[in-house]
Structures are given as structure tokens and as C-alpha cells.
1. Out of the residues in the range 193-206 meeting the condition of being more than 12 Å from residue 330 (Cα to Cα) and charged (D, E, K, R), tell me which one is surrounded by the most Cβ atoms within 10 Å (Cβ to Cβ).
2. With the requirement that a residue be surrounded by 20 or more Cβ atoms within 10 Å (Cβ to Cβ), over 19 Å from residue 154 (Cα atoms) and not assigned by TED's automatic domain parsing to the domain that holds residue 76, what does the range 94-114 give you?
3. So which of 94, 138 ends up being away from the ligand (no atom under 16 Å from the Cβ) and on the phi < 0 side of the Ramachandran plot?
4. When you go through (1) surrounded by fewer than 21 Cβ atoms within 10 Å (Cβ to Cβ); (2) in contact (Cβ under 8 Å) with a residue 40 or more places away in the chain one by one for residue 211, which number turns out not to apply?
5. I want to confirm something. Restricting to the range 20-41 and keeping residues that are hydrophobic (A, V, I, L, M, F, W, C) and more than 22 Å from residue 78 (Cβ to Cβ), which single residue is farthest from the ligand (Cβ to nearest atom)?
6. Against the conditions (1) without any contact (Cβ under 8 Å) to a residue 40 or more places away in the chain; (2) surrounded by fewer than 21 Cβ atoms within 10 Å (Cβ to Cβ); (3) not assigned by TED's automatic domain parsing to the domain that holds residue 142, where does residue 288 fall short? Just the number, please.
7. Going by the structure shown, is residue 123 within 14 Å of the ligand (Cβ to nearest atom), outside the structural domain of residue 293 (by TED's automatic domain parsing) and crowded, with 16+ Cβ neighbours inside 10 Å?
8. If you scan the range 9-19, which residues turn out to be within 16 Å of the chain's Cα centre (by Cα) and either more than 8 Å from the ligand (Cβ to nearest atom) or not aromatic (Phe, Trp, Tyr) (or both)?
Amino acid sequence: MTTSIVILGAGFGGLELSTQLSEALADQVDITLIDKNEGFVFGFSKFELMFGRQTLEEVRSNYADIVKPAVEFRREVATEIDPVARRVVTNKGTYDADILVVALGAEYDFSVPPGFKDGGYEFYSVEGAIELRDVLPTVTSGSVVIGILGEPFKCPPAPCEAAMLLDEHFVERGVRSEIEITVVSPWGRPIPPSPDGSRAIIDRFAERGITFMAEQLITDIDAANKVAILRDGTKIPYDLFLGIPIHRVPTVVEKSGLAVDGWIPVEKTNLATRFPDVYAIGDVTSAPVPKAGVFAESAGRAVAEHLIAQLRDSGSPTPYDGAGSCYIEFGDHKVGRVDADFLTGPTVMAPFTEPSVEGAEEKAEFGSTRIRRWFGK
Ligand SMILES: Cc1cc2nc3c(=O)[nH]c(=O)nc-3n(C[C@H](O)[C@H](O)[C@H](O)COP(=O)(O)OP(=O)(O)OC[C@H]3O[C@@H](n4cnc5c(N)ncnc54)[C@H](O)[C@@H]3O)c2cc1C
């Protein structure tokens, strides 16, 4: 008798989990991996799309290429999840699972604040990044504002990375002196858990003439007049507004009753939900870690270890450590790194490695090891 495991979502978390389970338990489990998309795209590849350095075909790894023992990929849209019965309905069928793992990530709500849809752009979705690829070359002067529209949001350094990469882009085009770049953030510093990483970003901003507006939230966009409005009523005129959209769980999760206060609560040690044999990993949860691929991946690993120990009856697995290394683009082909550990110690540890060309090579290697492991390429 094999155990049927259904994994919803083949992003960072779902891909890592299915890979680990296939390697360790192929003779004991049947894994169904479900995703609505054709393939996987790293979050950081949105920068490649936005600046026209790579095409979608170049950055996407197709799910059809997944050939792993005991894993069957299905390109379907999950429309209903019953966490009590561990039953999933998709646009193509119904699945009953012994073990269900929800790894559906976070979606964006472009309807808030009012005016965002008409008055701004974004680089958080593949479509948004591709649209910007055609818009950026038309920008020759004026004010570019990158505004965080709500918390939590994926990859906390990404808005500042975008500012540093935009700076580089405008310099290369010879128009930088005509353009102001501003990041509006609800936080007091660029990446709150990492004082050293934040300092490096602020130093780079000072060097490059980029403004960081701390502890400010944009609550409205006046699209007609091209003005972003802060909570206290202050108006910031812009020529190009790039918003970090409001994040939410996918509708299917919202309808399932799994989420509480917006996100799926999980046990800190093993990512179990309050429903027996139902787990949740990555951005879809309220686990006390940032919404980033490296934490979704380490959560996938932790659930895999937990299930391997359970199905082999082989003792206690290591608890989830909430650890991961985040790479930060500084422009000029240099990348820094924050090694964050959110759960193992009494306080969050997040030492920073200064940006370097070697850091950029390490980040590229990070990406290619994942693609090799998950897609066998
Ligand atoms: C600009 C940018 C830069 C980033 N840079 C980094 C970085 O450098 N490092 C890093 O670690 N993270 C980075 N991230 C964040 C990272 O991409 C996400 O945090 C990560 O992908 C989350 O993994 P996940 O497995 O939880 O969800 P996802 O990877 O988002 O996967 C969820 C999957 O569920 C699928 N899905 C959703 N709803 C349904 C449905 N109803 N039916 C079927 N399938 C569905 C989706 O298609 C998707 O494939 C960045 C993000 C952005 C936007």
C-alpha cells in the first residue's frame, strides 16, 4: 500500500518537497504535484525580464520536463480544497490525499489602492515585468517612485534591488542625471532583520543619489495627476510609479477555511496546519519568516524530513530552522548576501556579505543547482 501525497503548487516549496520525497520514499508514496502554470520562474528572474536581459522562454523551466520516480505532474487549476476530507477539486478532476501539502504561494491584489491599476506598473508578476521591459526604454527624464503598498510582501530587499538596477539601467542609457529615483517603504530601514545589509543599501543609495523614504505607506494613487498619496496626506508626484502590490492567499485557499487572518497558520517546527495530515509551506503561510523562495524551500525540506521520519517510523526529524540565504542585487554586476536564521536562536541572526562579482556568480550557481535538482537539467 502506497501513501498518496498531493502537493498543490510547484513553486520553490512544492518543487523542493516533491524532489526530496521522490529521492527518499519513491517505493512508498504516490506524489501528485499540481500547478496551473506551464513552468517555474524564479522571483529574481523578473529583473531579467524587466530589463530585457532574458526572455520568458529563457527563464522558464517547463513542468513537462519533470521526470522523477513516484512524482506525477498535472497542469490543473485547484478550485476547491477540503482540508478535513483532504480532498482537492481541480478544473480537471478530484484528488483524495492521505497527506495534503498546500504550497500555493501568494497572489496579488491590483485593485488596491485605488488608482494603482491605471496609474502604475509592477515587476512582481511575469506579465508586469514583461510590460515594463517595453516601458523603461521610453523613460528619459522625471521622477521614478518605487512604492510598497502593503505588508507582508515577497522578497523584502526586492524594491531596493529594483532601485539599484534602475539606476544602473538609466546610467547605461545616459539619462540618469535627468531622473530621480525614490523608494517609499513602511519600514525604518531597507531590510529590518539585517542592519548591515540595510547600511550597505543606504550607502549605495547615497553614492548613487537614490532616496529612501522610511516609515511611509502609500494609501492612494491619483492616476490622472500622477501623484502617490501617503497615509498622512503628503503627495509625491511621479512620472513612473512601480508598486509592490498587496499580497493575498489565492482565492481557493481563502475559500477553504485554511487561512486565519489572511494566511495559513502552521506549527513552527513541522509546518503542520490545524487539520490532521495537512501541511502548508512557503508564502501561503503565516510562518514567522519572510516571504521568500529560500524559506519556502527550507520549509519544503522540513516537511519532507518530517514525512520521511513518519513513513519510515525512524524517530524525530530536525525541526524547521527558518533559515536561508537571500541574494541582493546592487547593480554593476555585484550581489550581496544575507544569511538569515529566524527560528533557531533567541533572536534573529542575519549576517551580511558585502556585494561582489563573486556573489553574482554564487547567485547564478544557486539558481542552476535548483534547476538541476528539480528538473534534472
Ligand atoms: C521581484 C522578485 C524578486 C525575488 N527575489 C527572490 C530572491 O532573490 N530570493 C528568494 O528566495 N526569493 C525571491 N523572491 C520571492 C520568491 O519568488 C517567492 O517568495 C517564492 O516563489 C515563494 O515560494 P512558494 O513555493 O511559497 O510559492 P510560489 O513559488 O509562488 O509557487 C506557488 C505556485 O502555486 C501555483 N498556484 C497558485 N494558485 C494555484 C491554483 N489555484 N491552482 C494551481 N496552482 C496554483 C502558482 O502557479 C505557483 O507556481 C522574489 C520575488 C519577486 C517578486
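The values are calculated or read from the model by the stated rules, or taken from the named source; none is laboratory data. Values in this document were obtained by computation on a predicted structure and should not be read as measured data. Please note: Cβ atoms are built from the backbone with ideal geometry, for glycine as well, and neighbour counts cover all protein chains shown.
1. That would be 196.
2. Matches in the range 94-114: none.
3. Just one listed residue meets the conditions, 138.
4. Going through the list (1) surrounded by fewer than 21 Cβ atoms within 10 Å (Cβ to Cβ); (2) in contact (Cβ under 8 Å) with a residue 40 or more places away in the chain, residue 211 breaks only (2).
5. 26
6. The failed condition is (1).
7. Working: within 14 Å of the ligand (Cβ to nearest atom): yes; outside the structural domain of residue 293 (by TED's automatic domain parsing): yes; crowded, with 16+ Cβ neighbours inside 10 Å: yes.
Taking the combined requirement at face value, the residue satisfies it.
8. Applying the first criterion (within 16 Å of the chain's Cα centre (by Cα)) to the range 9-19 yields 9-16.
Across the range 9-19, the qualifying residues are 9, 10, 11, 13, 14, 15, 16.
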